[in-house]
Amino acid sequence: MKNKGMNHSRAMRGYLHTSLIALSACTVQAASPLLVPPTLTGPVYNLSMDHGATQLLDGAATPTAGYNGSILGPTLIMNAGDFVTLNVENNLGEETTTHWHGLHVAPEDDGGPHTGIADGATWSPDFTVLDTASTMWYHPHLHGNTHEHVNLGLAGMILVRDSVEETANLPRTYGVDEFPLIIQDKDFGPNNTLIRANFGDTIFVNATFEPFLEVPSQMVRFRILNGSSERAYHLGFDDNRNYSVVGADGGLLEAPVSQNRTILMPGERLDVVVDFSSDNGSTVTLMSYGSTLPNGVPGALMGPGAGNALNGADFNLIEFQVGDQTASPITSLPTSIWTIPDRWEESEATVFRTVRLTRDGAFTIDNQAFDGSRMDQVVLKDTIEVWSIVNEAGGSHPFHIHDIQFYILDRGAQPVTGHETGKRATVRADNNETVRFIAKFETHANADVPYMYHCHILPHEDGGMMGQFIVVNPEEKLIDLTSSDTDVTLRWSQYLTSQFMSLQSTSDLGVSFSDIVSSPSVVDEKNQLILSRDPGNKFFRLLPVTTD
Ligand code: C2O
Ligand code: CU
Ligand code: CU
């Protein structure tokens, strides 16, 4: 019984919430218990992508796809510092990838568009979990097919745990006082088949339609992910209570922040604790307040998708039915959680880049559609950089970058507050505004495998609103010219073309960079080549440095 108590159309549900709540609560019982994905713990995680059928609505089961099941995937529990192996088997009948969204991993382990998993193949990245306690997720990322594969159901959550979370005594018993909430809107065609739409008219949490969840009357933590194609949510409770945000995209905040509305863009996560201690016996509903989303944010009345029945509407996400406390409940939160160790100052940045979100018919970045053979940015490892994202594309877009977590410096020249002060890998860029972030591109470098940056609105990303960068480690190219090796090949990466590198001409080495990459070079004496760069400039130069 999926539709018990609900006799209005799906599309109109959002508008009816207010009047329904005015009736007695027992007539508005949500229909299905929330699906809580099972967990997998490491150090080895086996995932298999396959098609299946899921009873999403009354009537026909919907053809879907999932990891280790017909839809979504298990929640991967990882401990900070662990060395993990993920075996990802593709049984979809076509190529795809699986990206660990938010994890700080090497580009060859990241699962971006360059790391395709052929049908029938298994991809097995392994890496040390370098992130601190956080809420990450995983999903396919094959260029042009990301929307299709995520819409079919391929997405799952990753919870990174660490001792900070434990010391702060945050709720962390999965399925008891901690729950993932993956929010997605979907659109249906005949026989309950999924349509790959930018905006859906039916809301699911963890692939459950009109879900309810029994929760204990104590502190309960929700790991909320917006896994939707384009829609943003404006999270709040029907009784307007405040909730404590303890973490966001990239990890725990320094202290809980009390909020009662939060805009969550596609790809973003929110780690919140709700105090249900005085709610035993009652029902509390998590809503999206679309009526108060700023225009231009996808899901607002005016802006992308305007005309969709849920745009500008306030609608239910999930009903919490509050019951008895557990045996050893967490009943309070610390006033501070930790001190984030690596919060960089703008004065520490040595490189400043500007990336423009543009629109040329389709949405683009810097007026170019994604091209996997073209390198867009080259970053020197260990550099602290400030990126300015200038939104000239119209509407709000969630800008996401792989590899690193950043801190937002400002949006529209104003500092950000609350949940946006923490580490993140996604930021909302509003129309005609510039949002700036600061990050250090540390640990990983691989001049042959790019990382992505893109809009996390899936149809935009697939349509080409994506660019790529490599992180290069100059130390790898420290050539000792006093060595007796005669054949030193300076070919480094297919992506390091003369656009990014040139050899400064000297009397000793009167050759251009392209001369060196095209043929082995005989080493001259008494010089070392080290890679240096022009501050504020993305072009590299191989500078010969004389040593005495
Ligand atoms: Cu969640 Cu590049 O993506
Ligand atoms: Cu990502
Ligand atoms: Cu976009």
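The values are calculated or read from the model by the stated rules, or taken from the named source; none is laboratory data. Fair warning: this is a prediction, and the values are worked out from it, not measured in the lab. Heads up, the Cβs are rebuilt from the backbone with ideal geometry, glycines too, and the neighbour counts pull from every protein chain shown. Note: accessible area is taken over every heavy atom of the protein model, side chains too, but ligands, DNA and RNA are not part of it. Shrake-Rupley method; radii C 1.70, N 1.55, O 1.52, S 1.80 Å.
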Please go through region 398-409 and pick out each residue that is away from ligand 2 (no atom under 15 Å from the Cβ) and open to solvent by less than 10 Å² (accessible area, probe 1.4 Å).
TYR407
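Yes/no matrix, rows are residues, columns are (1) within 16 Å of ligand 3 (Cβ to nearest atom); (2) not acidic (Asp, Glu):
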site	(1), (2)
VAL390	yes, yes
ALA413	no, yes
HIS419	no, yes
GLU433	yes, no
HIS444	no, yes
If you scan region 52-96, which residues turn out to be in contact with a strand residue (DSSP E or B) (Cβ under 6 Å, 6 or more places away or on another chain), polar (S, T, N, Q) and assigned to a loop (DSSP other than H, G, I, E, B)?
ASN68, SER70, ASN91
Of the residues that make up region 440-451, is at least one in contact with a strand residue (DSSP E or B) (Cβ under 6 Å, 6 or more places away or on another chain), within 15 Å of ligand 1 (Cβ to nearest atom) and either at pLDDT 95 or above or open to solvent by less than 30 Å² (accessible area, probe 1.4 Å) (or both)?
yes
Given the criterion among the acidic types (Asp, Glu), more than 16 Å from ligand 2 (Cβ to nearest atom) and open to solvent by less than 20 Å² (accessible area, probe 1.4 Å), identify the matching residue among GLU392, GLU385.
GLU385
Looking at region 334-342, is at least one residue more than 25 Å from the chain's Cα centre (by Cα), closer than 30 Å to THR285 by Cα and open to solvent by less than 50 Å² (accessible area, probe 1.4 Å)?
yes
Return only the number of the condition from (1) buried (at least 24 other Cβ atoms within 10 Å of the Cβ); (2) away from ligand 1 (no atom under 16 Å from the Cβ); (3) not aromatic (Phe, Trp, Tyr) that ASN260 does not satisfy.
(1)
Among strands (runs of 3 or more DSSP E) entirely inside region 410-464, those with 1 or more residues being aromatic (Phe, Trp, Tyr) and within 14 Å of ligand 2 (Cβ to nearest atom) are 451-455
Search region 36-71 for residues being over 15 Å from LEU154 (Cα atoms) and aliphatic (A, V, I, L, M), and hand back the single one that is least open to solvent (accessible area, probe 1.4 Å).
LEU57
Can you tell me which of (1) open to solvent by 70 Å² or more (accessible area, probe 1.4 Å); (2) among the aromatic types (Phe, Trp, Tyr); (3) within 16 Å of ligand 3 (Cβ to nearest atom) is the one PHE370 doesn't meet?
(1)
Can you pull out the strands (runs of 3 or more DSSP E) entirely within region 118-209 that have at least 2 residues that are open to solvent by less than 10 Å² (accessible area, probe 1.4 Å) and not acidic (Asp, Glu)?
134-139, 156-161, 178-188, 202-205
